[in-house]
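Worksheet: the structure to be examined is printed underneath.
The values are calculated or read from the model by the stated rules, or taken from the named source; none is laboratory data. Quantities reported herein were computed from a predicted structural model and do not represent experimental measurements. FYI the Cβ positions are ideal-geometry reconstructions off the backbone, even for glycines, and counts take in every protein chain you see.
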Amino acid sequence: MRGPPGSIYRVNTADVEALLSPAGLALLAELAGTTTEDPVALAARLRREGHDPALAALATTQSRLRARAAAKFGPRAASLLFTAAGAEQATRAVVAAEHARRFAAAGVSRVADLGCGVGADSLAFLDAGLTVLPVDADPVTAAVATHNLGVPVRCEDVTAGIVDELSGGEGAWFDPARRTSGGRRVFDPEATSPPLSFVLTTAQRVPATGAKLAPGLPHDLVPVGAEAQWTSVDGEVVECALWCGPLARPGVARSARVVRSGSVVELDSRDLPEATVGEVGSFLHEPDGAVIRAGLVGRVAADLGGRLVDETIAYVTTDSAASSEFARSFRVLEVMPFGLKALRSRLRALDVGPVTVKKRGTAVDPDQLRRQLALKGSRAATIVLTRLRGRQSVLVVEPVS
Ligand SMILES: C[S@@+](CC[C@H](N)C(=O)[O-])C[C@H]1O[C@@H](n2cnc3c(N)ncnc32)[C@H](O)[C@@H]1O
């Protein structure tokens, strides 16, 4: 064990065993609901009560990880174990449920979770009635996942041959690690562990292969016949899932799944209309990030009865009010060419103080712009910096509730 009591440090397998001992489990149960207590005061109280200081530190850290993980796992987090990295990398339960649904819908009954982490995806597979074969190369993560899943987790490198043990009718799931051992985030799909090429090779042997990849996946890396599905949760694009073989929907190359306040809506690339470009109208619509990543803005524009403000910019405009579950809508109050002086004097005339800056297709730094504007008025405003048919422009807008 390393680090001071109460800090979020990396645990080892002996720590996991200590936490799962009767004394560890009793202390974890006692600590449930203490996350608001000052960590120093809590450590002192536990020492006074005669708890082993090392175990108290471990349990305190674990209880804080559980509290943090509740945002992804819900109340179930209170009975799971976490590593700090495992909690951070875990799939949100609402998204993992879709992963499980794909395998179940394809008639797959057993899924190998190849790099299972603390087990968020495997938990969803189990919830969906599937059998799982969870595997992780990291011994601590495997020990934690064994507790979380209630099934033994194989601790090995998935590139070392386990795929050869799978039958063609089973499923394979990957969620490659996107950080180096030093914690640096990697963006190249070949730099993840395992790399995308290993996922695609596996798909040749195990057709029902799926993978959770970074949202920045370039469209040209999606194999023919596979479906790439971008998901956003409450406005944040969280993943691009790659579905191969029977997991892909026929004719769907790309799709977007938008989860907002628990409700889910979907769009896909079948019969995708080409968006037209035209003058900005009275309303501006900002498509959800998953829709943009999936290249489906044309569908949202068509559904809104609108057009793009620029060939290369993902803003849709309409002349009258329109709404879509896939976009946030704004009423356009003013439109002007971009220029600092003119913008400052107009916003001052409007008595604007706090300003929300949205931007797309411009290099302007919003924080620097805010400082340069030096607004002191009493009204809040939202401005959009973008290109309108090639011209750098600024729009003053207000959200349509
Ligand atoms: C992003 S996490 C998985 C998170 C998991 N899907 C969840 O939702 O809880 C990736 C995991 O893959 C494991 N991993 C990375 N490379 C591996 C390899 N070659 N073999 C086995 N496991 C590997 C890491 O130890 C890490 O726990």
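See the values below:
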{"read-out": "Scope region 282-321; condition surrounded by fewer than 18 Cβ atoms within 10 Å (Cβ to Cβ) and either touching a helix residue (DSSP H, G or I) at 6+ places or on another chain (Cβ under 9 Å) or free of Cβ contacts under 8 Å to residues at least 12 places away in the same chain (or both); matching residues", "value": "G295"}
{"read-out": "Helices (runs of 4 or more DSSP H) contained entirely in region 11-87, each with at least 3 residues that are in contact with a Ser or Thr (Cβ under 8 Å, 6 or more places away or on another chain)", "value": "39-48, 53-73"}
{"read-out": "Considering residues of region 151-162 that are of a type in the set (A, V, I, L, M) and in contact with a strand residue (DSSP E or B) (Cβ under 9 Å, 6 or more places away or on another chain) only, the residue farthest from the ligand (Cβ to nearest atom)", "value": "V151"}
{"read-out": "Test: residue in region 76-93 that is more than 24 Å from G262 (Cβ to Cβ), more than 13 Å from the ligand (Cβ to nearest atom) and either of a type in the set (A, V, I, L, M, F, W, C) or not assigned by TED's automatic domain parsing to the domain that holds W230 (or both)", "value": "no"}
{"read-out": "Residue list for region 189-225, filter: surrounded by fewer than 21 Cβ atoms within 10 Å (Cβ to Cβ) and away from the ligand (no atom under 16 Å from the Cβ)", "value": "Q204, R205, P207, P218, H219, D220, L221, V222, P223, V224, G225"}
{"read-out": "Identity of the residue in region 258-276, of a type in the set (D, E, K, R) and free of Cβ contacts under 8 Å to residues at least 12 places away in the same chain, that ends up farthest from A327 (Cα to Cα)", "value": "D271"}
{"read-out": "Options A54, A23; residue that is at pLDDT 80 or above and in contact with an Asp or Glu (Cβ under 8 Å, 6 or more places away or on another chain)", "value": "A23"}
{"read-out": "Entirely in region 287-401, the helices (runs of 4 or more DSSP H) that have 3 or more residues that are of a type in the set (A, V, I, L, M, F, W, C)", "value": "289-293, 297-304, 340-349"}
{"read-out": "Counted residues, region 106-150 - those being near the ligand (Cβ under 8 Å from one of its atoms) and assigned to a loop (DSSP other than H, G, I, E, B)", "value": "8"}
